[in-house]
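What follows is a set of notes on a single structure, which appears directly below.
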Amino acid sequence: MALASGITAVDATTAAASALPAAVQAGAPAAVNAGAPAGVTVQASWPTVGPGQRGVDVTTVQLLLTARGYTTTADGAFGPATAAKVKAFQNAQNLTADGIVGPNTWGKLVMTLKSGSTGAGVKAVQDQLTDNGYAVTVDGIFGTGTAASVKAFQAAKHLTADGTVDVRTWAALVEGGGAAGGGKLTDAQAMARLKAAGVTRSSSGNCTDRNRKNCTSLQDIRARTVDGVIALKKQSGCRIVITGGTEVGHAGGTYSHWNGYKVDVARTSCVTNYIEAHSRKQYKRGDGAWVWRVTSAGKTVIDYADEYWANHWDITYY
């Protein structure tokens, strides 16, 4: 079956062109204290955002820089100008000035916002709310509509639903955002969607706890990833079994299993034949897996890595 309209394969010359240095791709939870009461350590998971990336997380960085006094064009593209502003902010905060927004920079960049707040920081909140499925008007005014959406989001994330965007709420917003329709799902929500589409799950430990590496968990998986697996099922007509999700034990990085971008799917002849017929062989990873890629409008949308030794395809949905 042909790919959706506008999707083509790309040649190998662009392999990994937008990848961030491995040393800065932190995918595990990190502790941050900014915005928290004195002496309180807040556990949060932040994406790593840096040069070459695009999307709502980049826009959020740009708006927060502006709110902090480092005026930056909020175009959602992390170019040299944004990198320069990030470095200037990092220098002022006594952080490593590498131009990459990781956990420490996020912790200094975010600010507490609430009803009555205005400005670029509020726009960043509104962008992230919309990206997490709570559509609000992005006008930079923290009014009743924004407050109601913040409270609904906080309640869904088991946070104190007080309508105040503190560091905990920022972390939950940014962790869940990143692309249109990119909000995250609970394990139950994800499996309900997948089961309805005929997709099943397998676990060597017969468990779904994301903190155990022998489980197969879909907790906090991105909705876009689930939609991608469902599309694979529909377009290929193959039996799709998920063998790896958001549980610990996988490689880190922004586009990682832990952050909800990746799933492992059982490597059957049907799945393999479909992938090889509808994507292009791109490059060989350091672990020996060949990556097959699909793009749309010049952007990478899916990477299929053939982890044949583990009998599965490691699939990334961007």
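What to note about this one:
- Candidate set: segment 211-247, residues that are of a type in the set (D, E, K, R) and in contact with a Ser or Thr (Cβ under 6 Å, 6 or more places away or on another chain); chosen: the one farthest from THR272 (Cα to Cα): ASP220
- Here the condition is being under 28 Å from HIS158 (Cβ atoms), part of a strand (DSSP E or B) and among the charged types (D, E, K, R); of ASP264, ASP303, it holds for ASP264 alone.
- Residue match in segment 192-214 (condition: buried (at least 17 other Cβ atoms within 10 Å of the Cβ), within 17 Å of the chain's Cα centre (by Cα), part of a helix (DSSP H, G or I) and modelled with pLDDT under 95): no
- Residues in segment 227-246 that are more than 19 Å from THR48 (Cα to Cα) and either open to solvent by less than 40 Å² (accessible area, probe 1.4 Å) or hydrophobic (A, V, I, L, M, F, W, C) (or both): GLY228, VAL229, ILE230, ALA231, LEU232, SER236, CYS238, ILE240, VAL241, ILE242, GLY244, GLY245.
- Considering residues of segment 282-299 that are open to solvent by 50 Å² or more (accessible area, probe 1.4 Å) and within 23 Å of ASP227 (Cα to Cα) only, the residue modelled with the lowest pLDDT: ALA297
- Segment 119-136, subset over 22 Å from ALA223 (Cα atoms) and out of contact with any strand residue (DSSP E or B) (no Cβ under 7 Å at 6 or more places or on another chain), residue most open to solvent (accessible area, probe 1.4 Å): LYS123
- When segment 70-117 is filtered for residues that are at pLDDT 95 or above, under 19 Å from LEU173 (Cα atoms), part of a helix (DSSP H, G or I) and open to solvent by 70 Å² or more (accessible area, probe 1.4 Å), only LYS108 remains.
- Selected residue [at pLDDT 95 or above and among the polar types (S, T, N, Q)] from SER256, SER217: SER217
The values are calculated or read from the model by the stated rules, or taken from the named source; none is laboratory data. Keep in mind it's a predicted model, so treat the numbers as computed, not measured. Here Cβ is always computed from backbone atoms with ideal geometry, including for glycine, and neighbour counts include all displayed protein chains. Remember, those area values only see protein heavy atoms, side chains included, never the ligands or the DNA or RNA. Shrake-Rupley method; radii C 1.70, N 1.55, O 1.52, S 1.80 Å.
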